[in-house]
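Following: one structure in structure tokens, then a few remarks.
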Amino acid sequence: MLLVAENLVLSRGGRTVIDGLSMRLGDGESLLLTGANGTGKTTLLRALAGFLSPVAGEIRIENENDDRELGELCHFVGHLDGIKPHLTVAENLAFWAAYLDCDASQNDASRLAGALNKFELAALADIPAGYLSAGQKRRLALSRLAAAHRPLWLLDEPSVSLDTASVALLVNAVSAHCAEGGIAIVATHLPLVFENVKEIRLGAQENAA
Amino acid sequence: MQTFTQRLANPTKFMDLSARLLPWVAGFAAAILAYGIYLAFFVAPPDYLHGEIARIMFVHVPSAWLAMACYALIAISAFGLLVFRHPLADVSAKAAAPIGAAFTFLALFTGSLWGKPAWGTYWVWDARLTSVLILFFLYLGLIALRSSIEDETLASKLTAILALVGIVMLPIIKFSVDWGNTLHQPSSVVKLGGPTIHSSILTPLLVMGAGFLVLFVAMHLKAMRNEVLRRRVKALQLAEVARAQASQVTAAAE
Amino acid sequence: MNAFLSLVARDLRLAVRQGGAIGTALGFYLIVVTMLPLGLGADLNLLSRIAPGVLWIALLLSALLSLGRVFESDYEDGSLDVLVTGPLPLELVAVAKALAHWISTSVPLALLAPVLGILLNLELLAYPALVATMLIGTPAVSFIGAVGAALTLRARRGGLLIALLVLPLYVPTLVFGIAAISATLGPDDAAAPFLILTAISLGSMVLGPLAAAAALRAQMQ
């Protein structure tokens, strides 16, 4: 699978934040988006996820096996966690697993337990998500990545509120995903170290990766 | 039709064209209305039942026609925005809403003034007045929705969606109000000045209708021009802010 | 289908866990209906004549209380973004949420109505018609209301604004709901208003989500 963006122009609130960005990412590749706040990292991720339409340019997936839309091929973990405080940790995850990945054979309890374990939330499975700390909520949001399979990961500031140990869990998850042939795009203004990662720095100049 | 609107689509061309047209349209409106008022007051006979006061119909009926026509225009503009992304579609819709609300209010007000001598009360829930009242609410909704959203692009899209929902619901609302009315048998049935509309009444009515229509075109053009100018001022102000910010950044960097 | 049902189930579970919202709507319904005899005097004949209308109008107002939140919480906690990446088109997401609102809020209100009818001395024969028209007509309330909720998602004064936008659109449902009740009590054919009410509800279940999804897409830009 190849993710291609060509001459992308994106605007937000009447301002052009991305002007003529191009990039190509293939299986197993990861991309780090850096830059100060307001340089368009979130806007770019949201455009890649299909939430916003570009002013100009094109985003497309080149994939022989699958003709699903980009939106259905990606996991989007944005600034907000997307969790319901009145549902337990396990219920939140079970819902997203059932909703995002309808393939019944993959929705058994062991997969969910595995996802919780990956982000060390197993002990909190029956706690209402509203009681969690900010870091724990972030980890719950990230555990979505493991609960349903999607080839493309779009992560917006995933390490905010995470302590060092949890950041390591995140990095491991992303590395494992890419090792299996997935694609990951991570926007961050905090330092995050991935192996074999390309970088696009927004705001200074538009790079082609 | 497509190339005509495409030619007008450029705001600058629109401003040029409307600047030249507007005095003519306004003059035309004044002339037709003057003739219509003359006909309404001096040529049309007094109503057999209600006397002179029925002449208010010559303002009331055209106002109601315009109220509905204006909403249709807003719906067409909404369609133009959402489907064709016509650059002036939103300007047209935004300019038309308050004008349409005003015509609707005028229809309700003059209808009410007519109601006192005709039915003995300032308001009655007959099907027509009720439908126009609900149309007034639809206009208020459009204006309120637009004013409550900061982001102008978002406001234009959402108002357009609301206008299209409204135009779909309008016939259904009218149908339901008619139904509800026949159910409850209003105490008096309003007839336009008699059992049939005589030409001595019809002609002034049509002339006034035409006059109101041309008046509306003039007002709408003027309001659109104002809106285009307002947007230009805002764009200039935003550019000024961006310039000041950029120079501040470079000054701080030095 | 699995995704659709799991979304409806989730919303219903949330509605139950956050029982306060439905409780408030039911309480509001009770209070508004109670104000009528206090305001109009306790003439039972008068109350009996206006009871169907009052019960319908108060139901519309009570439903409006909770409609604003149909999409709000998902929008504010980021769930809406993730819902869009699922297999359902946004139109079906809107259907699922409006359906959940209908089941969790409108139906309980409709079932409370006959109880409140006792307060208003509603005619005995009118009770079945009352419940029937409300069960048939409230999908329109939820689905048209969902359009209003989607439009007012980021608006200031959203709660009042949604009432201003949506109440005029409720007029047909109100008129035919009342007409159906009157027709069953009177000599006229009751089938016509019932059928028209059903048509309005079905129409709103198809067209409402289209408009709501368009509005949600615009809000997400």
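Go ahead and estimate [θ] at 222 nm for chain C from helices alone: -39,500 (n - 2.57) per DSSP H run with n ≥ 4, summed, over the residue count, rounded to 500.
The helix-only estimate for chain C comes to -28500 deg cm²/dmol at 222 nm.
Rounded to the nearest 20 debye, what is the charge dipole size of chain A about its Cα centre when +1 sits on each Lys and Arg Cβ and -1 on each Asp and Glu Cβ?
700 debye
Over segment A:2-201, what is the relative contact order in whole percent, taking alpha-carbon pairs under 8 Å and six or more residues apart?
Result for segment A:2-201 is 29 percent.
Give me the distance between the Cα centres of segment C:77-122 and segment A:26-54, rounded to whole Å.
35 Å
Cα atoms only: what Rg and Dmax, in Å, come out for chain B?
Computed over the Cα atoms of chain B, radius of gyration and Dmax are 22.3, 86 Å.
Could you give the DSSP H helices of chain C that reach 15 angstrom or more along their long axis (alpha carbon positions) and whose average Kyte-Doolittle hydropathy is no lower than -0.5?
C:2-17, C:20-40, C:44-67, C:90-101, C:107-119, C:126-151, C:158-185, C:191-220
Would you give the gap between the C-alpha center of segment A:133-165 and the C-alpha center of segment C:131-171, rounded to a whole Å?
36 Å
Quick one: grab the alpha carbon gyration tensor of segment A:2-201, order the square roots of its eigenvalues as a ≥ b ≥ c, and give me rounded if a/c is under 1.5, else prolate or oblate depending on whether a/b is larger than b/c.
Prolate.
Other chains near C:82-93: what is the mean number of their Cβ atoms within 10 Å of each residue's Cβ?
Rounded to a whole number, the mean comes out at 5.
Go through segment B:206-216 residue by residue and turn each phi into a ³J(HN,Hα) via Karplus (6.51, -1.76, 1.60, θ = phi - 60°); whole Hz please, and just put x for glycine and proline.
Couplings: 5, 5, 4, x, 5, x, 4, 4, 5, 4, 4 Hz.
Counting only residues 5 or more places away or on other chains, whose amide H sits under 5 Å from the amide H of A:His75 once H atoms are built in the peptide plane?
A:Leu152, A:Trp153, A:Leu154
Note down the magnitude of the dipole of segment A:24-65 about its Cα centre, charges +1 on Lys and Arg C-beta and -1 on Asp and Glu C-beta and zero elsewhere, to the nearest 20 debye.
Taking the Cα centre of segment A:24-65 as origin, the dipole is about 280 debye.
Taking the Cα atoms of segment C:75-221, what is the range of coordinates along each of the three principal axes, in descending order and whole Å?
Answer, in whole Å and largest first: 54, 28, 24 Å.
Scan around A:Gly57 for amide H atoms under 5 Å from its own, H built in the peptide plane at 1.01 Å from N, and keep only partners 5 or more places away or cross-chain.
Those lying under 5 Å, H to H, from A:Gly57 are A:Val9.
Other chains' Cβ within 10 Å of A:51-60 residues: what's the mean?
Rounded to a whole number, the mean comes out at 1.
Can you find, among C:Tyr29, B:Leu170, A:His189, the residue farthest towards the positive end of the dipole of the protein assembly as shown? Put +1 on the C-beta of Lys and Arg, -1 on that of Asp and Glu.
Projecting each Cα onto the dipole axis, the largest value belongs to B:Leu170.
Identify which of B:Leu88, B:Leu236, B:Leu202 has the largest mean-square fluctuation in a Gaussian network model of chain B, with springs joining Cα atoms closer than 10 Å.
Sorting by GNM fluctuation, first place goes to B:Leu236.
Lys and Arg at +1, Asp and Glu at -1: add these up for the other residues within a Cβ distance under 12 Å of A:Cys178 and post the number.
Local net charge: -3.
Given an 8 Å cut-off on Cα distances and at least 6 residues of separation, report the relative contact order of chain B as a percent.
Dividing the mean separation by the residue count of chain B yields 33 percent.
Taking a ≥ b ≥ c as the square roots of the Cα gyration tensor eigenvalues, with a/c under 1.5 meaning rounded and otherwise prolate when a/b beats b/c, else oblate, which class fits segment B:25-131?
oblate
In chain A, which longest range has no GluC sites (Glu not before Pro) that are both DSSP loop (not H, G, I, E or B) and surrounded by at most 14 other Cβ atoms within 10 Å?
After excluding every exposed loop site, the longest remaining stretch is A:1-63.
Under the Karplus relation 6.51 cos²θ - 1.76 cosθ + 1.60, θ = phi - 60°, what is the ordered set of whole-Hz ³J(HN,Hα) values for segment A:7-24, x standing for Gly and Pro?
Values per residue, Gly and Pro as x: 6, 6, 10, 10, 10, 9, x, x, 9, 7, 9, 10, 10, x, 8, 10, 6, 9 Hz.
Any lysines with Cα under 19 Å of the B:Lys116 Cα? List them, leaving off those in the same chain fewer than 8 positions away.
Once the sequence-local lysines are set aside, what remains near B:Lys116 is B:Lys191.
Return the calculated 222 nm mean residue ellipticity for chain B, to the nearest 500 deg cm²/dmol, obtained by summing -39500 (n - 2.57) across DSSP H runs with n ≥ 4 and dividing by the residue count.
About -29000 deg cm²/dmol.
With respect to the cross-link table entries B:Lys94/C:Lys97; A:Lys41/C:Lys97; B:Lys13/B:Lys222; A:Lys137/B:Lys157, which display a Cα-Cα separation exceeding 23 Å?
Those over the limit are B:Lys94/C:Lys97; A:Lys41/C:Lys97; A:Lys137/B:Lys157.
Which shape class applies to the protein assembly as shown: rounded if a/c is under 1.5, otherwise prolate when a/b exceeds b/c and oblate if not, where a ≥ b ≥ c are the square roots of the Cα gyration tensor eigenvalues?
Since a/c reaches 1.5 but b/c is at least a/b, the shape of the protein assembly as shown is classed as oblate.
On a straight-distance basis, which aspartates and glutamates could pair with B:Lys174 in a cross-link, Cα separation under 17 angstrom, same-chain partners fewer than 8 positions away excluded?
B:Asp126
With a cut-off of 8 Å between alpha carbons and a minimum separation of six or more residues, what is the relative contact order of segment C:28-108 in percent?
RCO, segment C:28-108: 30 percent.
Any read-out appearing in this document is the output of simple, stated calculations on the displayed coordinates, not a laboratory observation. Predicted, not measured: the structure shown is a model, and the values here were computed from it. We place every Cβ from the backbone using ideal geometry, glycine too, and count neighbours over all the protein chains shown.
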